[in-house]
Structures are given as structure tokens and as C-alpha cells.
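A.B. asks: Below you will find the structure I want to go over with you.
Where a number appears in this text, it was derived from the coordinates with a stated rule and is not lab data. Here the structure is a predicted model, which means the values were calculated and not measured. Don't worry about glycine lacking a Cβ; one is built from the backbone with ideal geometry, like all the others, and counts go over all protein chains shown.
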Amino acid sequence: MTELLTDEEIDAQLPHDWERDGDEIVRTFEFDSYLEGVGFAAGAGGLAEEAFHHPTMTVEWREVEVRLTTHDAGGITGKDISLAGRLNELAD
């Protein structure tokens, strides 16, 4: 099982533009169009499948909210931090 991060570790490692929301980290990505957001969500799904770590994603008009937590560990782990960083790179 993956180890939970401490509050201090989460604060120190949380990627740019991500926030903590309880046992999850969350970011809303903004796009110029709905289809750009859908394209991002598809790419994010591919990265998540590669990492075998699947976020909750909500696609709305010009926005995609992504929530990450490690369910089997009961909170935030390095897997969440790592995938969040990869999603930031995908959005850039």
C-alpha cells in the first residue's frame, strides 16, 4: 500500500495551482473552448491509465475540474502529487 503524506509533505510538494480539499487535491483547468477541455480530459485519462491512478474529472464549458486521492490509502499520497504534476505539464 502507498503511504499517506503528512500535512507538511503535502504543503511542500503540492504542484502549482493545486489546492487541498480534505483528503483530496483539486485543480480547475480553464480552456478557451469546451472542446479544448474535452481534449485535455482525454489526454488526462491516458496519463491516468498509464499511472493506474484514476482521478475524478468534471468537464464543463471551458473548465475541467480534477480531483485526486488515493482511495486504498485513505488520502493523499505521492501518486496524487505525481499525477497532478503530469496534468499541469499536459495543460501547458
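A.B. asks: I'd like to compare 34-45, 7-18: which one has the highest average count of other Cβ atoms within 10 Å, and what's the full order after that?
C.D. replies: Descending packing order for the listed peptides: 34-45, 7-18.
A.B. asks: Turning to a different aspect of this structure: Given Cα positions, please report Rg to Rh for the chain, the hydrodynamic radius being the Kirkwood one. Please report the intermediate quantities before stating the final value.
C.D. replies: Working: Rg = 12.7 Å, Rh = 13.2 Å.
Over the Cα atoms of the chain, Rg/Rh equals 0.96.
A.B. asks: Provide the net charge surrounding Val38, with neighbours chosen by a C-beta distance below 12 Å and charges set as Lys +1, Arg +1, Asp -1, Glu -1.
C.D. replies: Cβ neighbours under 12 Å give a net charge of -2.
A.B. asks: Per-residue ellipticity at 222 nm for the chain, helices alone: DSSP H runs ≥ 4 residues times -39500 (n - 2.57), over residue total, nearest 500 deg cm²/dmol?
C.D. replies: About -13500 deg cm²/dmol.
A.B. asks: What's the ranking of 81-91, 57-67 by average number of surrounding C-beta atoms within 10 Å, highest first?
C.D. replies: 81-91, 57-67
A.B. asks: Would you work out which of Gly43, Gly74, Val26 lies farthest towards the positive end of the dipole of the chain? Charges go on Cβ: Lys and Arg +1, Asp and Glu -1.
C.D. replies: Most positive-ward Cα: Gly43.
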